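Everything below concerns the one structure shown next.
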């Protein structure tokens, strides 16, 4: 019985079906290839490409065109440099981060602003 289930139930899509564009997929890919070299402001959006396919006689859904455009771009364009990750490694005692801050402190009932030097060791990430 579902009421006695301990773990959370969920649905995970195993396979995303390919867009059903038929002969219109070649037209769409040709347009994408042609517009690839244009400035970004002059390229058509997926919605405009969908409208263009409809004028050619396409009777499918916008979702199929959106998925096809997304798959084509993922296959054609180089990977993003934003996904790169370079781990930092430090030798003990090699480097630290330093910054000044102003803190409010209460000294014998009088609130005063003091300047504080903050150090963080790069190797251990410990504060001094």
Checklist entry - Given the conditions (1) surrounded by fewer than 10 Cβ atoms within 10 Å (Cβ to Cβ); (2) outside any helix (DSSP H, G or I), and given that residue 60 satisfies all but one, which numbered condition is not satisfied? => result (1)
Item to check | Count of the range 105-128 residues which are within 30 Å of residue 88 (Cβ to Cβ) and either in a strand (DSSP E or B) or outside the structural domain of residue 91 (by TED's automatic domain parsing) (or both) | outcome: 8
Checklist entry - Do we find that residue 38 is surrounded by fewer than 16 Cβ atoms within 10 Å (Cβ to Cβ), modelled with pLDDT under 90 and in a loop (DSSP other than H, G, I, E, B) in this structure? => result no
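The values are calculated or read from the model by the stated rules, or taken from the named source; none is laboratory data. Since we're looking at a predicted model, the values are computed, not measured. When we count neighbours, we look across all protein chains shown, and the Cβ atoms used for this are built from the backbone with ideal geometry, even at glycine.
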